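Visitor: The structure's right below; bear with me while I get my questions together.
Every read-out reported here was derived from the displayed coordinates using simple, explicitly stated rules and does not represent laboratory data. In this text, all values refer to a predicted model and were calculated from it rather than measured experimentally. We place every Cβ from the backbone using ideal geometry, glycine too, and count neighbours over all the protein chains shown.
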Amino acid sequence: MLKPQPPPLSGLDVLEMAWRSLGTRRLRAFLTMLGVVIGIASVIVVTAVGQGVQLATAREIQNLGTNLLQVQGTPPRVRGIAQAGGTTSTLTWEDAQAVAAQAPSVQLVAPYLTRQRQVTYGTENTFTLVNGVDENFWEVRQFTVAAGRVFTPMELDTAQSLVVLGATVARDLFGQESPLGKSVRIQGDRYEVIGVLAPKGTTGGFDQDDQVFIPLKNMAARIVGQNALQGIAISGFWVQVPDESEMEAAQFQITNLLRIRHNIYPPQPDDFRINNQGDIISAFTAITGLLTVMVGAIAAISLVVGGIGIANIMLVSVVERTREIGIRKAVGATQAAILQQFLAEAVLVSLCGGVIGLLLGVALAWGVAQTLRIPFALAPWAMGVSLVLSAVVGLVAGVAPAQYAARLDPIVALRTE
């Protein structure tokens, strides 16, 4: 007469038994899932911080304008030897005016002349960036005035000794006092403060508020001196195009026009360089994306370590529970039932570790974002992948111990002390 087989256990019954078994060994279960917790938390933190850095950098560059080109002079060469930067210039105000007038894809041109100088007021002083600008600079670079005003066309043409302060400089020199109408000294000359700009923050490690602005002609004549053979020397100029789709056309037109003006013919190299803001964003996004993937892969190695830990602990558990397995088999438990229970325990441990690691990773990522002052960017795919990975790790790590437990001979198991 055949022995009746017990009805197969449902999935809920298997999970309930696995949960009760883990509950009797809480400390061991926690130590088992610790590797998975660390691995999942690391993956979440790395991906969140990587995406946050990407967003922060993209926003900073976009603050400069994604439809902008920056044309800068390169150090001139004498008999093939590059001269020191700042000693002379390869670009002039007339070059900027020619680009504005003759390049069809160009909307606005804003030339600038820049030097590091000390600015003083009374007993206070600061070493900052002094910029000579024209009337287009404010619109092209998207600077707004918080107090006072900027230069009028007449003040620019007559090279008046006027200055507009960045927010950081205004705070360093005047504190809570209003700087409007007062005078500061730049390179020994007095400049009347007519405006203070609204804060713009930091871009690429550079504090955009730590600078001052004076009329370009005044800068050329009194701060730098006329160091071009003809015209007014400038450090470079910003070019605004109507739309991002015209960036390449504008860059091509500017390159050809400046080469003609500077008498540069093939195979001679350009004596200027053109920076495309859109290219900078794309390049940086690609680099940070690769770095995030690389560091994320390194962090995922801890998941493998966690899986090895689960496998080891489950094998120890099988050895300790050999008599229990023998009793279950003696009362009719099948190999499939034993296999299901131990696999369920391994997956449950790993999934619990994944959930704890996910919550811990979100909390740590938020803390890092607040500390570094970057956007808190949590990718839903990273959360989903982390939970799936934790389940897979538990499943793979639990296969060998579960198979070993399922194949135990019940008579041998019952004799085990």
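Visitor: Between LEU359 and THR202, what is the spin-label point distance in nm, taking each point 7 Å from the Cα along the Cα→C-beta axis?
Guide: Inter-label distance under the simple model: 3.4 nm.
Visitor: Order these peptides, 252-264, 166-178, by their mean beta-carbon neighbour count within 10 angstrom, highest first.
Guide: The packing order, highest mean first, is 166-178, 252-264.
Visitor: How far is it, in nm, from the label point at ARG273 to the one at TRP366 when both lie 7 Å from their Cα along the line to the Cβ?
Guide: Going by the 7 Å Cα→Cβ label model, 4.3 nm.
Visitor: How do the peptides 50-56, 372-378, 211-217 rank, highest first, by the average count of neighbouring beta carbon atoms within 10 Å per residue?
Guide: 211-217, 50-56, 372-378
Visitor: With labels modelled as points extended 7 Å from the Cα through the Cβ direction, what inter-label distance (nm, one decimal) is found for ARG407 paired with TYR265?
Guide: Between ARG407 and TYR265, the simple spin-label model gives 8.4 nm.
Visitor: Could you calculate the FRET efficiency of LEU27 with MET294 from 1/(1 + (r/R0)^6), where r is the beta carbon distance between them and R0 is 30 Å, rounded to 0.05?
Guide: So the FRET efficiency works out to roughly 0.25.
Visitor: Of the peptides 347-354, 104-111, how do they stack up when ordered by the mean number of other Cβ atoms within 10 Å, highest first?
Guide: Averaged packing, sorted descending, gives the order 347-354, 104-111.
Visitor: Multiplying the sequence separation of ASP243 and VAL392 by 0.36 nm and subtracting their Cα-Cα distance, what value in nm do you get?
Guide: 48.8 nm
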